[in-house]
Each structure stands twice: as structure tokens, then as C-alpha cells.
Amino acid sequence: MTQSLKYLWASPNTIIGLILASISYPGSTSAAWAGGALEMTGGLIGTLMAKWPFRASAICIGHVILAHDEASLIFSRRHERVHMRQYETFGPFMLPAYCTASLWALIRTGRPYRDNYFERQANR
């Protein structure tokens, strides 16, 4: 699949990521296009991530990576790029597939994040 088709296939998710980025932008500390993704740090989403129960340092939605701060982005960039490739593979089905994998992991082991198929793949 060409890179253009990968962007198109992931675009429904990227639109969601761009909406979150636009909500977060006024307070963001940096925003840049790097490695095929919009990377943004700080802002409202970054602040919320630090307060979530699972304390996410970064999140990838399509071709948008939102991180709590620059150090979190640097630390999690490789992991989030794996998720970006997963979005390119699963396209509009990625979010439902991710949620299903979390539910299955919760039922099976009680650990919806750690035992999620997509997270295990990104952590390799």
C-alpha cells in the first residue's frame, strides 16, 4: 500500500486526533510535523493525560501524537509510531479493534492495557 493510501485509510482516526489537537492547541508548548505525524505536547490534552488514572504520557490517534510534555514525547515516540502503523493497517477499524482487545484482555486477565494485543505489539 502506498503512503498516500495509508494516510487515506487512517484518515477517519486522524480527523479525531486533529480535533483533539485543535482543542488542546491554545495551551500547547510545541506542535510539529515529524516522521509522518503531527506531534503536539502540553495543552489541555497533555494536562488531562497527566491526571488520568493510568497516567498516559502520550497517545496516538491516526497520524496525530499528543504528549504530556517534550520528555514524554521523546520517551514514547517509538511506541506511538508502532500505533501509527497499526492505524495505517486497520484504518477506520483501529479504534473498535483496540477497544475490543482491551475488553478481551480485561475479561481474560484483568489487565486491559498491559495485555491488550496492540499495546503488547507496541511494547516489543
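Structure values in brief
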| item | result |
| --- | --- |
| Cα-Cα separations in segment 1-48 greater than 13 Å, expressed as whole percent | 59 percent |
| Span-rule helices in the chain, defined as complete DSSP H runs reaching 15 Å or more along the axis (Cα) with Kyte mean at least 0.0 | 3-24, 94-109 |
| Additional length obtainable on full extension of the chain from residue 1 to residue 124, 0.36 nm per residue less Cα span | 41.9 nm |
| Added length on full extension, which subtracts the Cα-Cα distance from 0.36 nm per residue, residue 82 to residue 104 | 5.9 nm |
| Most positive-pole-ward Cα, 57, 46, 109, against dipole of segment 12-124 from beta carbon charges | 109 |
| Calculated over the chain: convex hull of Cα atoms, volume per residue (Å³) | 98 Å³ |
| Cα convex hull of segment 46-93 - mean projected area over all directions, nm² | 3.4 nm² |
| Carbon plus sulfur fraction of accessible area for the chain, probe 1.4 Å, in percent | 67 percent |
| Probe 1.4 Å, protein heavy atoms only - accessible area per residue of the chain in square angstrom | 58 Å² |
| Whole-Å distance, taken between Cα centres, linking segment 31-67 and segment 86-124 | 18 Å |
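The values are calculated or read from the model by the stated rules, or taken from the named source; none is laboratory data. Model, not experiment: these values are computed from the prediction. Here the Cβ is made from the backbone with ideal geometry for all residues, glycine too, and neighbour counts use every protein chain on show. Surface areas here come from the heavy atoms of the whole protein model, side chains and all, with no ligands, DNA or RNA. Shrake-Rupley method; radii C 1.70, N 1.55, O 1.52, S 1.80 Å.
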